[in-house]
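One structure below.
The values are calculated or read from the model by the stated rules, or taken from the named source; none is laboratory data. Quantities reported herein were computed from a predicted structural model and do not represent experimental measurements. Cβ coordinates were reconstructed from backbone atoms using ideal geometry, including for glycine residues, and neighbour counts include every protein chain displayed. Note: accessible area is taken over every heavy atom of the protein model, side chains too, but ligands, DNA and RNA are not part of it. Shrake-Rupley method; radii C 1.70, N 1.55, O 1.52, S 1.80 Å.
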Amino acid sequence: MELPWPQQASAVRDGVVDAALVRPPVTEAAGLRLDVVRHEPRVVALPVTHRLAARAEVSLTDIDGEVHVTDDEADPAWVRWGACDPRPSGRPVRYGPSVRTIDELLEVVATGQAVAITGAFVDGCHRHPGVTFVPVTGVEPCPISLCTRADDSSPLVAALRRAVSRLRADDPMEPGSPPEPQPEAVITRRGGAVVAVPDECGFNDF
């Protein structure tokens, strides 16, 4: 099950799913528990024909003035955080097409309508022949959190939380931890419950 970004936390709260991986900020966190899984470096998705596509890395100044994707249904604070808005330069971020999923984002970027700052996991999990990903320097990493209902004490959710604790100890943003790219989470059903299970991320160990 692929959940549009604006529905990820609310789907957990409403019982549509029992767990999901979310990115900050979650402004309506009442009744939810957020356990940080790891921190992801940030990259910018660019069309392969973009002037910066061949660069080893870029700064926010390099992409100032570029149109950035938005999501008209998402919390504006979430959209701004993802776009690194406000920028150190003080230049306003220009927003363009609205997207709700990674697939929509890649299509928009590939056609040159906009760029998108996102987590490095996308580069490892999603491929589009018209899109390349370039690391963004000088920005804080993106934390990925396991979102569950705060009062959910089911054995399955407890196992997910224990798996998160193990993964957190190997966070590449922590001193002494080697970097390790992580695939995207998928929503699946196990033991009668619907859970977010990132393939090869350690959640299969319960």
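Figures for the structure shown
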{"item": "Selection within the stretch 28-43 - under 18 Å from residue 79 (Cα atoms) and touching a helix residue (DSSP H, G or I) at 6+ places or on another chain (Cβ under 6 Å)", "result": "40, 43"}
{"item": "Residue ID - most open to solvent (accessible area, probe 1.4 Å), chosen from residues in the stretch 80-132 that are free of Cβ contacts under 8 Å to residues at least 12 places away in the same chain and farther than 17 Å from residue 70 by Cβ", "result": "127"}
{"item": "Residue match in the stretch 7-30 (condition: under 24 Å from residue 149 (Cα atoms), of a type in the set (Gly, Ala, Ser), open to solvent by 50 Å² or more (accessible area, probe 1.4 Å) and out of contact with any Phe, Trp or Tyr (no Cβ under 9 Å at 6 or more places or on another chain))", "result": "yes"}
{"item": "Per-region count, the stretch 137-170, residues part of a strand (DSSP E or B) and either farther than 28 Å from residue 117 by Cα or in contact with a Gly (Cβ under 6 Å, 6 or more places away or on another chain) (or both)", "result": "2"}
{"item": "Failed item, numbered, when residue 57 is tested on (1) within 23 Å of residue 158 (Cα to Cα); (2) touching a Ser or Thr at 6+ places or on another chain (Cβ under 6 Å)", "result": "(1)"}
